[in-house]
1. Taking only C-alpha pairs under 8 Å that are 6+ residues apart, what is the relative contact order of the stretch 149-378 in percent?
2. For the stretch 2-143, go through all pairs of different Cα atoms, get the mean of 1/r, take its inverse, and jot down that Kirkwood value in Å.
3. Under a point spin-label approximation (7 Å from Cα along Cα-to-Cβ), what is the residue 116-residue 232 distance to one decimal in nm?
4. Restricting to the chain, compute how many DSSP beta bridges are antiparallel as a %, nearest 5.
5. Fewest Cβ neighbours within 10 Å first, please rank 244, 357 accordingly.
6. Show me, for the stretch 41-55, the HN-Hα J-couplings you get by feeding each phi into the Karplus relation (A = 6.51, B = -1.76, C = 1.60, θ = phi - 60°), rounded to Hz, glycine and proline as x.
7. What's the Kirkwood radius of the chain in Å, using all Cα pairs?
8. At q = 0.10, 0.21 Å⁻¹, what base-10 log of I(q)/I(0) does the Debye formula yield for the stretch 197-314 when every alpha carbon is treated as an equal point scatterer in vacuo?
Amino acid sequence: MADQHPVSPEGPISPTAPALRWEEPPEGPVLVLLDQTRLPAEEVDLVCTDVPALVEAIRSLAVRGAPLLGIAGAYGVALAAARGFDVDEAAESLAHARPTAVNLAYGVRRAAAAYQAAVRDDADEAQAAAAALAEARALHREDAEASDRMAAHGQALLEELLPAGGHRILTHCNTGALVSGGEGTALAVVKAVHRAGQLRRLWVDETRPLLQGARLTAYEAARAGMAYTLLADNAAGSLFAAGEVDAVLIGADRIAADGSVANKVGSYPLAVLARYHHVPFVVVAPTTTVDLATPDGAAIEVEQRSGHEVTHITIPYVPTVGHVAGTGVPVAPLGTQAHNPAFDVTPPELVTAIVTEQGVVSPVTADGIAELCARSRSGNGMLSE
């Protein structure tokens, strides 16, 4: 089910519709998603009435981004409980919808644990469902607060690393309001720098093969009034060589115990380029993205997506001559095999700093990650274990 909102060329800093919201119409509670596959051409609401619909939305990337996936997972458990479905089955399905982003399973576990605790305390179904919903809303609120703190910590770090100001920042994939309960992770830092008058240029990688940079980051940057330029991923090296990049800021889908960072494929080459050209490479992510159960980068499960995303150019909303909207235009010979990992892993020695809502880890070491986690446990408990 979808409601459509045309996108005007001007608008507020964030999308006119939130990336995710819970609603309770007369026919029963629903989770409403801003369908990110339809951006930037139009803002379309995707209404999920059950968990299978939400799982499909997660897998199709209608909803995406590590922090938001955690929130979506928590609301998905609440949706199953409120509509009388099997909560354990729903939680299992949601937790494995995408394997790399640790936040998804974390959000599912939190809401499921709240539901189960209520059941153990002899709550009825409505009360247990309310407990799951309250936990999802708490996670949503915590993520928005974490976004604000990450923006402040990241802005302070850039002022320290680049005291001359006038930052030229390169980013990869999309890490703004579309992935968060707040303004995002890495892009939240960029927005803070922009509001302070210190953003000279935002370089936006198009981010192959699904173009989240071209479709989504450029969309958010334009609405925020930033000076930004879109570039092909393989043009980044020439920018570094010309001295046009002052810092790289990316998000993360999982951070291992040793500080290895899994992020959208293409992040690792940027880290190598940044190290060679002596440019800070900064990861911005909430502590919910830290997974102490994953010891190192080699232990991170990297999602492998369909080769169709590489061999075809997908046109989700615009029909072309001879092709239907939602299908793909082939760009490779029929039968071509494609390698299409959704993420790659950057080792900690290539990461200048990890910025979280609890502060900054630099240099990035296992001890530094452990100390960060200890602070998180003694604070608001927003740590994945």
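1. Details: 457 pairs, mean separation 47.1, N = 230.
Averaging sequence separation for qualifying contacts and normalising by length gives 20 percent for the stretch 149-378.
2. Details: mean 1/r = 0.0660 Å⁻¹.
Over the stretch 2-143, the inverse of the mean reciprocal pair distance is 15.1 Å.
3. 5.1
4. Values: 27 of 48 bridges.
Bridges in the chain are about 55 percent antiparallel.
5. On the way: 244 15, 357 25.
Listed from fewest to most nearby Cβ atoms, that is 244, 357.
6. 5, 7, 9, 10, 7, 10, 9, 9, 9, 8, 5, x, 5, 5, 4
7. On the way: mean 1/r = 0.0475 Å⁻¹.
Over the chain, the inverse of the mean reciprocal pair distance is 21.1 Å.
8. -0.35, -1.32
Any read-out appearing in this document is the output of simple, stated calculations on the displayed coordinates, not a laboratory observation. Given the structure is predicted, the values throughout are model-derived calculations rather than measurements. Glycine also receives a Cβ, built like all others from the backbone with ideal geometry; neighbour counts cover every protein chain displayed.
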